[in-house]
Amino acid sequence: MTIKTRFAPSPTGHLHVGNIRTALHNWMFAQKNGGEFLLRLDDTDKERSKEEYVTAIRADLAWLGINPDSEERQSARFDRYEERFEELKAAGRVYPAFETAQELDLKRKIQLGRGKPPTYDRGALNLSEAELAAFEAEGRKAHWRFKLDHNTPIEWTDLIRGDQHFDPALLSDPVIRREDGSWLYMLPSTIDDIDMGITHVVRGEDHVANTAVQIQMFQAFGEKMPEFAHEALLVGTEGKLSKRLGSLGVSSFRERNIEPQSLVALLARIGTSDPVEPIADVSTLIETFDFSRFGRAPARFDEEELTQLNQKIVHLLDFADVQGRIPDQMTAEAWSVIRPNLHNMGEVEYWWQVVTGPVTAAGLADEDRDFLEQARASLEGLTWSDTIWKDWTGALKENSGRKGKTLFMPLRQALTGLDHGPDMGALLPLIGRDAALDRLKATSS
Ligand code: GLU
């Protein structure tokens, strides 16, 4: 059996970090098992679904390196839903209901007032012929509910939550279709999971109650249900579901120069018993991916942790990983010199500018100017090589009597305009002889 997972966003907005995590886990699980990963666009809501979001979802997944093996759209499958809906109708598993939203609301309030759970009372099942005819005469349109089988307990062994048990009598028969014929999420999703051969449904624990209902839908169709894994939700550092998390999407990470590998490394591991580590190679993360490592407590998403992880990941990126994103003239050698100084990729230009110039020496003391003239003359007389910094500062130490900071700092300031930065021994060969002499000359005059 080929393992098949799906990620099923509604294209009514951009992906946020919570659904990115779900997408990632679905994809990783499929990858680990040599299976397939489907992108299913839940676009039954014509009003709210937008093509621009479809495009953005595809682009965001691509940026993360999550490549779906196939893509489906619910809006292309209405005929199929109709067909299976008719089957359920024939089997007496769906029924029309006419309550207005206000009537339902009132029923709920009364139940709650009596200290009862606000479960739908199945009033629509008891309508007489005369009442049905009256609704029709009034022009009232029916919405449709799925009739749960109260005699079959709902059970499954969740890959994260373990054994789950629901008494269907305590659940409301869910509305599956609105008055205007449009579909709610529940039934199309089940039909798709069947038709598309989904073996594992991986989603947030906010869907646990939906799963209970959908299991009865699988059964009503006489189909085997897939495996389920409901992951604990993502929370911010304050331990709550924050608004901020809901708005954090790929574009905000890109703006902050977060690498896709960093986000992947973090989201793969938070909420699991495996440590968050700077692992840039996703195949390593896939190897260790296992639902049994997932905890029941909410996964904490810490932006500071991401920033720090990102820095470590940047330090692991090879020249080949960053080519195309760094200045064209920047060589592999230059990358390896600059890389340890980066907090994120947004700083590459800055350090490259230090190499290529122009730089302005700042903070030089007057007494350093003579020394820098001496240094310039010394450099001019030396044979340029990869060890030039060592040769040069060795000679200057002897001739000037300076050492330590008083020796090195004016040189760094003159050559880079800064009092900190990459190892000068590696940087000076990148700056090159002519530019170095020019910079020294500019400061000694
Ligand atoms: N479109 C649904 C959602 O975004 C899909 C849930 C599911 O994975 O079944 O909540």
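Couple of notes before you dig in:
- Residues that are crowded, with 16+ Cβ neighbours inside 10 Å and among the charged types (D, E, K, R) were ranked within region 193-219; the one that is nearest to the ligand (Cβ to nearest atom) is Arg203.
- A search for C-beta distances below 7 Å between a residue of region 359-380 that is aromatic (Phe, Trp, Tyr) and any residue that is in a helix (DSSP H, G or I), counting only pairs 6+ apart in sequence or on different chains, returns Phe371/Ser400; Phe371/Pro410.
- Pick from region 352-371, criterion among the hydrophobic types (A, V, I, L, M, F, W, C) and in contact with a Lys or Arg (Cβ under 9 Å, 6 or more places away or on another chain), ranking: surrounded by the most Cβ atoms within 10 Å (Cβ to Cβ): Phe371
- Positions within region 389-423 being of a type in the set (A, V, I, L, M), part of a helix (DSSP H, G or I) and surrounded by fewer than 20 Cβ atoms within 10 Å (Cβ to Cβ), in sequence order: Ala395, Leu407, Met409
- Total residues in region 232-246 satisfying the condition of being in contact with a His (Cβ under 8 Å, 6 or more places away or on another chain) and open to solvent by 20 Å² or more (accessible area, probe 1.4 Å): the figure is 1.
- Close pairs from region 197-212: first at positive phi, partner more than 8 Å from the ligand (Cβ to nearest atom), Cβ under 7 Å, at least 6 apart: Gly197/Lys4
- Residue count, region 150-181 (criterion: open to solvent by 50 Å² or more (accessible area, probe 1.4 Å) and closer than 24 Å to Ala91 by Cα): 9
- Residue match in region 191-203 (condition: closer than 30 Å to Gly92 by Cβ and within 19 Å of the chain's Cα centre (by Cα)): yes
- Pair list, Cβ < 8 Å and 6+ apart or interchain, from region 392-406 residues that are free of Cβ contacts under 8 Å to residues at least 40 places away in the same chain to residues that are hydroxyl-bearing (Ser, Thr, Tyr): Trp392/Ser378; Ala395/Ser378; Leu396/Ser378; Asn399/Ser378
- Residue check for Thr190: free of Cβ contacts under 8 Å to residues at least 40 places away in the same chain, β-branched (Val, Ile, Thr) and open to solvent by less than 10 Å² (accessible area, probe 1.4 Å): yes
- Residues that are within 23 Å of Tyr185 (Cβ to Cβ) and more than 37 Å from the chain's Cα centre (by Cα), drawn from region 106-119: Lys107, Arg108
- Of all residue pairs spaced 6 or more apart or on separate chains, those with beta-carbon atoms under 9 Å, a first member in region 127-143 that is assigned to a loop (DSSP other than H, G, I, E, B) and a second member that is surrounded by 13 or more Cβ atoms within 10 Å (Cβ to Cβ) and aromatic (Phe, Trp, Tyr) are Leu127/Phe98; Leu127/Phe135; Arg140/Phe98; Lys141/Phe98; Lys141/Phe135; Ala142/Tyr95; Ala142/Phe98; Ala142/Phe135.
- Every listed requirement among (1) without any contact (Cβ under 8 Å) to a residue 60 or more places away in the chain; (2) within 16 Å of the ligand (Cβ to nearest atom); (3) at positive phi is met by Gly222 save one, (2).
- Pairing each residue of region 1-18 that is over 16 Å from Ser49 (Cα atoms) with any residue that is within 11 Å of the ligand (Cβ to nearest atom) and in a loop (DSSP other than H, G, I, E, B), provided the two are 6+ apart or on different chains, yields C-beta distances under 9 Å for Lys4/Ile198; Lys4/Pro226; Thr5/Ile198; Arg6/Ile198.
- Scanning region 51-88 for residues that are over 18 Å from Val17 (Cα atoms) and open to solvent by less than 30 Å² (accessible area, probe 1.4 Å) gives Gln74, Tyr81, Arg84, Phe85, Leu88.
- Residue satisfying all of: in region 225-238; within 19 Å of the chain's Cα centre (by Cα) and more than 13 Å from the ligand (Cβ to nearest atom); farthest from Leu187 (Cα to Cα) among these: Thr237
- Test: residue in region 22-45 that is within 29 Å of Glu136 (Cα to Cα), open to solvent by 30 Å² or more (accessible area, probe 1.4 Å) and not hydroxyl-bearing (Ser, Thr, Tyr): yes
- Subset of region 367-409 (residues that are over 18 Å from Pro429 (Cα atoms) and within 46 Å of the chain's Cα centre (by Cα)): Lys405
- The helices (runs of 4 or more DSSP H) located wholly in region 1-117 that include 3 or more residues which are out of contact with any Asp or Glu (no Cβ under 8 Å at 6 or more places or on another chain) and away from the ligand (no atom under 16 Å from the Cβ) occupy 51-64, 78-90, 101-113.
- Inclusion of Ala229 among residues that are in contact with a strand residue (DSSP E or B) (Cβ under 6 Å, 6 or more places away or on another chain), among the hydrophobic types (A, V, I, L, M, F, W, C) and open to solvent by less than 40 Å² (accessible area, probe 1.4 Å) is warranted.
Residues checked against (1) touching a residue at least 60 places away in the same chain (Cβ under 8 Å); (2) open to solvent by 10 Å² or more (accessible area, probe 1.4 Å):
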site: Leu248; (1), (2): yes, no
site: Arg256; (1), (2): yes, yes
site: Val276; (1), (2): no, yes
site: Ile279; (1), (2): no, yes
site: Thr288; (1), (2): no, yes
site: Phe301; (1), (2): yes, no
site: Asn310; (1), (2): no, no
site: Arg325; (1), (2): no, yes
site: Ile338; (1), (2): yes, no
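The values are calculated or read from the model by the stated rules, or taken from the named source; none is laboratory data. Because the structure is predicted, anything quoted here is derived from the model rather than measured. Cβ: placed from backbone, ideal geometry, glycine included. Neighbour counts: every protein chain shown. These accessible areas exclude ligands, DNA and RNA; they are computed on the full protein's heavy atoms, side chains included. Shrake-Rupley method; radii C 1.70, N 1.55, O 1.52, S 1.80 Å.
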